[in-house]
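Colleague: If you scroll down you'll find the structure; I have some questions about it.
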């Protein structure tokens, strides 16, 4: 490699404190010129192009981004910069393919190791139970059965929660409609508090069987 050790230093205009003046440069041949950018120009920088892709063709920001190896945030940035209106959630859902639903979905009703998201049972039992379809179905039915009204104080509306009369730990009764009632948040907290010395809305399995003997065959009494 040849080094020009005796190369004459570049003359540059400086102020009284020795600082390079605004607009001057030690490397005028390599400095960026006005309108020049270090990034390679991409088609999305052009308003007509981006408008055609996003609005006319109804492509998503992610789809456009994947074509040019950039993030969807970059596409959204240029949409806003070029004053192209972005879609609302409702508009996005109207044109987005969300996949098959119900029985037509090959993963419908598949839980545990039958589901590709199965992680070997590391999810806490309660959390896993409340995220599954059978619970979501009985939850909806329970809310409709009680007309979104607290069974204890009779208040309607607001935050309503489903209460298991027999403890949640009894798996056989977790989805039993007769074991589920609707309570407002205030009443639900009271029922599970130390103030509930009369055990209001709390039953043992034996007490529950006395009330509903027809369910005896499916319940295992636990000490």
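Colleague: Can you tell which of 163, 151, 188 is under 21 Å from residue 138 (Cβ atoms), out of contact with any helix residue (DSSP H, G or I) (no Cβ under 9 Å at 6 or more places or on another chain) and either in a loop (DSSP other than H, G, I, E, B) or touching a residue at least 12 places away in the same chain (Cβ under 8 Å) (or both)? Give the steps one after another, and end with the answer.
Modeller: Working: 163 fails: out of contact with any helix residue (DSSP H, G or I) (no Cβ under 9 Å at 6 or more places or on another chain); 151 fails: out of contact with any helix residue (DSSP H, G or I) (no Cβ under 9 Å at 6 or more places or on another chain).
Going through 163, 151, 188 in turn, just one is under 21 Å from residue 138 (Cβ atoms), out of contact with any helix residue (DSSP H, G or I) (no Cβ under 9 Å at 6 or more places or on another chain) and either in a loop (DSSP other than H, G, I, E, B) or touching a residue at least 12 places away in the same chain (Cβ under 8 Å) (or both): 188.
Colleague: Need the failing condition index for residue 120 against (1) modelled with pLDDT under 90; (2) within 30 Å of residue 161 (Cα to Cα); (3) more than 22 Å from the chain's Cα centre (by Cα); (4) in a helix (DSSP H, G or I), just the number.
Modeller: (4)
Colleague: What pairs come up if the first residue lies in the stretch 134-146 and is free of Cβ contacts under 8 Å to residues at least 60 places away in the same chain and on the phi < 0 side of the Ramachandran plot, the second is assigned to a helix (DSSP H, G or I) and loosely packed, with under 15 Cβ neighbours inside 10 Å, and their beta carbons are under 8 Å apart, counting only those six or more places apart or on different chains?
Modeller: From the stretch 134-146, the pairs are 138/177; 141/177; 142/177; 145/177.
Colleague: Shifting gears a bit: I'm trying to understand the selection: among the residues of the stretch 168-185, which are assigned to a loop (DSSP other than H, G, I, E, B) and either touching a strand residue (DSSP E or B) at 6+ places or on another chain (Cβ under 9 Å) or more than 20 Å from residue 129 (Cβ to Cβ) (or both)?
Modeller: Of everything in the stretch 168-185, those that are assigned to a loop (DSSP other than H, G, I, E, B) and either touching a strand residue (DSSP E or B) at 6+ places or on another chain (Cβ under 9 Å) or more than 20 Å from residue 129 (Cβ to Cβ) (or both) turn out to be 170, 174, 176.
The values are calculated or read from the model by the stated rules, or taken from the named source; none is laboratory data. All of these numbers come straight from a predicted model, not from anything done at the bench. Cβ coordinates were reconstructed from backbone atoms using ideal geometry, including for glycine residues, and neighbour counts include every protein chain displayed.
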